[in-house]
Every structure is written in C-alpha cells, then in structure tokens.
Amino acid sequence: MIGTESVADALAERGWACMHEFLPDALWRALAAEVQAEHARGRLRAAGVGRGADYRLAGDVRGDRIRWLETTAVSRPLREALSRLDALRGTLNRELQLGLFEFEGHFALYPAGAGYRIHRDQHRGSRLRVVSCVLYLNAQWEAAHGGALRLYFDEAAEQAHCDVLPEGGTLVCFLSERFWHEVLPARRERLSLAGWFRRRD
Ligand code: OGA
Ligand code: MN
C-alpha cells in the first residue's frame with residue numbers, strides 16, 4: 001500500500017498507481033449510498049462511447065450506467081471526495097509538472113454481468129484527458145466476484161497485465177494515453193466514481 005505522495009512517484013516510474021484507503025470508510029460508503037439513491041430515482045443513464053458526432057450508445061462495449069458530476073448542488077461526501085482528488089491533482093502538478101487543470105467525472109453503476117471492453121480513455125482527436133482515476137465504492141469485494149479493472153502493460157502481450165479489485169476506498173490512476181484497460185464482468189453490482197484530470201483546452 002502506498003500514500004498519496006507516492007502516487008506521484010508510481011505514476012512517474014511506471015505510469016500507474018493504486019492506493020488503498022484513499023477514501024475513509026464512512027466517506028466511500030456515503031458515496032455508494034448516493035449512487036444507489038440516484039439509481040433508485042432513475043437518474044443514471046446508459047453510458048455511451050465516443051464524443052461529439054462520434055457519440056453512440058454501445059451496450060456491447062460497456063454496460064455501466066452513469067451520472068456525470070455537476071459542479072452545483074454537490075453533496076457533502078462528494079465535495080469531500082472531490083477536494084481529496086483536487087489535493088492529488090495539486091501534488092501531481094507539483095511533482096510531475098503535468099499541467100492538470102480540472103477533473104471531470106461520473107458515478108458509475110455496473111449491474112451484475114456488465115463490463116467495459118478493452119479501450120483507452122482518450123477520445124479520438126483529443127488529448128485533454130491526461131490521468132484517469134477510478135475510486136471504488138464496494139463493500140467486501142472478493143476476487144471470486146470478478147469485476148476487476150484489468151490494466152494492460154503492453155498492447156502486444158495480453159498476458160502482461162494487472163488486475164485491480166474494486167474494493168471500497170481504493171483509488172487507481174494511470175496515464176490515459178498509455179494504458180489499454182477493461183472492466184471484467186462481475187457477479188454483483190459494482191459501483192465507482194470514475195474521472196479524468198484534464199489539461200486546459
Ligand atoms: C472507464 C473505466 C474502469 C473501472 O470508466 O473508462 O475504464 O475500473 N473504468 O471502473
Ligand atoms: Mn476507461
């Protein structure tokens with residue numbers, strides 16, 4: 001396990017980092033309750049792929065339901081999580097001079113059986129997303145539940161990969177341009193807050 005300052009070191013050395021307990025227990029549980037309440041109110045939408053004119057729904061590619069974070073009317077737990085992410089953004093800018101300007105993100109709920117096929121996070125023709133971040137919001141996740149984030153280290157060698165379990169409080173971040181990755185289907189519902197530190201347009 002590594003601390004916040006080491007996230008910058010790991011990103012610099014190998015392009016990705018994983019930190020357990022990035023969020024305290026009470027905080028990620030409150031966020032999980034928020035996503036579930038939004039879902040119950042019908043406020044999550046089937047996620048699409050692509051951007052602008054390329055945008056399309058693609059249930060065969062990704063099965064998550066999402067809600068983009070707004071800047072207004074943010075709940076207290078969400079404000080707290082965003083302020084921790086902003087502190088991380090400051091550290092990454094200071095240590096790595098990445099010029100990260102803002103965070104865009106969404107809550108995501110993958111129903112049991114849903115995944116997200118192998119992809120990269122940068123939209124075609126846009127390199128604004130520099131660092132991808134995913135915060136997991138699931139209690140007592142076990143390997144047998146599936147649902148790992150699979151990060152591929154080398155496009156050519158599918159066996160060179162690492163699996164991160166979506167355990168509550170865990171943060172994973174990686175360079176958006178570099179890593180192909182996928183979300184393996186899970187046997188149970190899988191909750192997260194996923195987003196990107198972006199450079200200025
Ligand atoms: C994404 C994504 C990974 C995860 O939303 O683009 O790759 O572990 N999410 O949820
Ligand atoms: Mn992704």
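The values are calculated or read from the model by the stated rules, or taken from the named source; none is laboratory data. Small disclaimer: the values here were computed from a predicted structure and weren't measured. Please note: Cβ atoms are built from the backbone with ideal geometry, for glycine as well, and neighbour counts cover all protein chains shown. Note: areas computed on protein heavy atoms with side chains; ligands, DNA, RNA excluded. Shrake-Rupley method; radii C 1.70, N 1.55, O 1.52, S 1.80 Å.
Output yes when any residue across segment 65-80 is open to solvent by less than 30 Å² (accessible area, probe 1.4 Å), at pLDDT 95 or above and touching a strand residue (DSSP E or B) at 6+ places or on another chain (Cβ under 7 Å), and no when none is. For segment 65-80, residues open to solvent by less than 30 Å² (accessible area, probe 1.4 Å), at pLDDT 95 or above and touching a strand residue (DSSP E or B) at 6+ places or on another chain (Cβ under 7 Å): present. Looking at (1) within 16 Å of ligand 2 (Cβ to nearest atom); (2) in contact with a Ser or Thr (Cβ under 8 Å, 6 or more places away or on another chain), which is the one condition that is false for LEU137? Only one criterion in (1) within 16 Å of ligand 2 (Cβ to nearest atom); (2) in contact with a Ser or Thr (Cβ under 8 Å, 6 or more places away or on another chain) is unmet by LEU137, namely (1). Identify the residue in segment 192-201 that is surrounded by fewer than 18 Cβ atoms within 10 Å (Cβ to Cβ) and of a type in the set (Lys, Arg) and, among all such residues, is nearest to ligand 1 (Cβ to nearest atom). By that ranking, first place goes to ARG199.
The rows are residues; the columns are (1) away from ligand 2 (no atom under 16 Å from the Cβ); (2) closer than 21 Å to ALA114 by Cβ.
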position: ALA160; (1), (2): yes, no
position: PRO166; (1), (2): no, yes
position: CYS173; (1), (2): no, no
position: ARG178; (1), (2): no, no
position: LEU184; (1), (2): no, yes
position: SER192; (1), (2): no, yes
position: ARG198; (1), (2): no, no
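What number of residues within segment 130-174 satisfy the criterion of being out of contact with any helix residue (DSSP H, G or I) (no Cβ under 8 Å at 6 or more places or on another chain), of a type in the set (A, V, I, L, M, F, W, C) and within 13 Å of ligand 1 (Cβ to nearest atom)? Looking only at that region, the number is 8. Examine segment 24-47 for a residue that is assigned to a strand (DSSP E or B), within 16 Å of ligand 2 (Cβ to nearest atom) and open to solvent by 80 Å² or more (accessible area, probe 1.4 Å), and state whether such a residue exists. No, every residue in segment 24-47 fails to be assigned to a strand (DSSP E or B), within 16 Å of ligand 2 (Cβ to nearest atom) and open to solvent by 80 Å² or more (accessible area, probe 1.4 Å). Among the residues of segment 100-122, are any of a type in the set (A, V, I, L, M, F, W, C), within 16 Å of ligand 2 (Cβ to nearest atom) and over 21 Å from TRP28 (Cα atoms)? The answer is yes, given that some residue of segment 100-122 is of a type in the set (A, V, I, L, M, F, W, C), within 16 Å of ligand 2 (Cβ to nearest atom) and over 21 Å from TRP28 (Cα atoms). In the set (1) within 16 Å of ligand 1 (Cβ to nearest atom); (2) aliphatic (A, V, I, L, M); (3) within 27 Å of PHE153 (Cβ to Cβ), LEU98 fails one condition alone, (1).
Here's the yes/no breakdown for (1) more than 18 Å from the chain's Cα centre (by Cα); (2) more than 25 Å from GLU177 (Cβ to Cβ):
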{"residue": "LEU31", "(1), (2)": "no, yes"}
{"residue": "ALA40", "(1), (2)": "yes, yes"}
{"residue": "ALA46", "(1), (2)": "no, yes"}
{"residue": "VAL49", "(1), (2)": "no, no"}
{"residue": "ASP60", "(1), (2)": "yes, no"}
{"residue": "LEU78", "(1), (2)": "no, yes"}
{"residue": "PHE107", "(1), (2)": "no, no"}
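Take segment 54-110 and flag every residue that is among the small types (Gly, Ala, Ser) and either closer than 21 Å to LEU175 by Cα or in contact (Cβ under 8 Å) with a residue 40 or more places away in the chain (or both). If the condition is that a residue be among the small types (Gly, Ala, Ser) and either closer than 21 Å to LEU175 by Cα or in contact (Cβ under 8 Å) with a residue 40 or more places away in the chain (or both), then GLY63, SER75, ALA81, SER83, ALA87, GLY90, GLY99, GLY105, ALA108 are the ones that fit.
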